[in-house]
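The values are calculated or read from the model by the stated rules, or taken from the named source; none is laboratory data. Quantities reported herein were computed from a predicted structural model and do not represent experimental measurements. Virtual Cβ from ideal backbone geometry, glycine too; neighbours counted across all protein chains shown.
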Amino acid sequence: MPDKDRPAPVPAAAPARGVAVRAVSPQPRRPQERAVRRREALLDAAVDLLGDGGFAAVTHRAVARRAGLPLAATSYYFTSRDQLLAEAFALLVERELARMRATVDHLAGRTPLAVAETLTGVYASDRMRQLGLWELYLQAGRDPALQAIARAWTDGCDDIVAAVLGGAGYPCGPGEVRFVAGLLSGLWVEEVVEARPDGRQRAREAVARALAALGPPAKVGP
């Protein structure tokens, strides 16, 4: 028996004659959260392996095992080991630059030795991870696919040095920044490779002498 209180269904209106009806395509789906998490886990594992054993330690099998994922997952998200290494290198550079910016956020002072202390404070990180980063940096000399990432590392370091020099009142033009940043990079590689007990102190003294050569800092602020 029909329900008298229920309104009769209204038939869909037919399109007006001569008016084109455009089909509305569905919105593209966002990447599945599970897939994003898996890819990030693989990259995290690759970065960890770079720190543990360097360039040679990053294989599809080792990365999958470290991430706790099937071996097929690495070849699904990364078409080759070269792509996996490049993306891991880029992630490592991004994380190290972020850590360095946080490290030099507050100046210890404006004297050459105090600024040198701030700049060499970036050494206070995981040595094995730094070995992996610098190993890939050197590998970029043989692999053009890594060169853009290596340049991003150098440019990021230059930006950090420029910010520290400018904040302390020292000249921070391209020449001064390259002078100090180049010295820091060489000392950093030396520290990571040789691990001398007095390496940090030697680096501070060398950077302080370089800063003194730039001249006394200008007055900063009011």
- Item | Residue check, Gln83 at pLDDT below 90 and among the polar types (S, T, N, Q) | no
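For every residue, the table says whether it meets (1) modelled with pLDDT of 95 or more; (2) under 21 Å from Thr103 (Cβ atoms).
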{"position": "Glu117", "(1), (2)": "no, yes"}
{"position": "Tyr123", "(1), (2)": "no, yes"}
{"position": "Leu131", "(1), (2)": "no, yes"}
{"position": "Ala148", "(1), (2)": "yes, no"}
{"position": "Gly167", "(1), (2)": "no, yes"}
{"position": "Trp188", "(1), (2)": "no, yes"}
{"position": "Gly221", "(1), (2)": "no, no"}
- Pick from Gly175, Gly186, Gly156: which is surrounded by 14 or more Cβ atoms within 10 Å (Cβ to Cβ) and either part of a loop (DSSP other than H, G, I, E, B) or out of contact with any Lys or Arg (no Cβ under 8 Å at 6 or more places or on another chain) (or both)? Gly156
- List the pairs whose first member sits in the stretch 42-59 and is over 17 Å from Glu96 (Cα atoms), whose second member is hydroxyl-bearing (Ser, Thr, Tyr) and in a helix (DSSP H, G or I), and whose Cβ atoms are under 9 Å apart, counting only residues at least 6 apart or on separate chains? Leu42/Thr74; Leu42/Tyr77; Thr59/Thr74
- Before we move on, is Ala90 farther than 16 Å from Ala195 by Cα and either touching a His at 6+ places or on another chain (Cβ under 9 Å) or without any contact (Cβ under 8 Å) to a residue 24 or more places away in the chain (or both)? no
- Output the residues belonging to the stretch 81-138 that are surrounded by fewer than 18 Cβ atoms within 10 Å (Cβ to Cβ), in contact with an Asp or Glu (Cβ under 7 Å, 6 or more places away or on another chain) and not in a loop (DSSP other than H, G, I, E, B). Met128
- What are the residues in the stretch 197-219 that are part of a loop (DSSP other than H, G, I, E, B) and either hydroxyl-bearing (Ser, Thr, Tyr) or at pLDDT 90 or above (or both), if any? Pro197, Asp198
- Task: Report yes if Arg209 is farther than 18 Å from Val47 by Cα, in contact (Cβ under 8 Å) with a residue 12 or more places away in the chain and surrounded by fewer than 15 Cβ atoms within 10 Å (Cβ to Cβ), otherwise no.
- Result: yes
- Note on the structure: Those residues of the stretch 134-148 that are touching a helix residue (DSSP H, G or I) at 6+ places or on another chain (Cβ under 7 Å) and more than 17 Å from Ala181 (Cα to Cα) come to a total of 6
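Listed here are the residues, each with its yes/no results for (1) over 30 Å from Gly141 (Cα atoms); (2) in a loop (DSSP other than H, G, I, E, B); (3) modelled with pLDDT under 90; (4) within 21 Å of the chain's Cα centre (by Cα).
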{"position": "Pro11", "(1), (2), (3), (4)": "yes, yes, yes, no"}
{"position": "Arg38", "(1), (2), (3), (4)": "yes, no, no, yes"}
{"position": "Ala41", "(1), (2), (3), (4)": "no, no, no, yes"}
{"position": "Ala46", "(1), (2), (3), (4)": "no, no, no, yes"}
- Message: I need the full set of residues from the stretch 52-76 which are among the hydroxyl-bearing types (Ser, Thr, Tyr), within 17 Å of Ala35 (Cα to Cα) and surrounded by fewer than 18 Cβ atoms within 10 Å (Cβ to Cβ), in order please.
- Response: Ser75, Tyr76
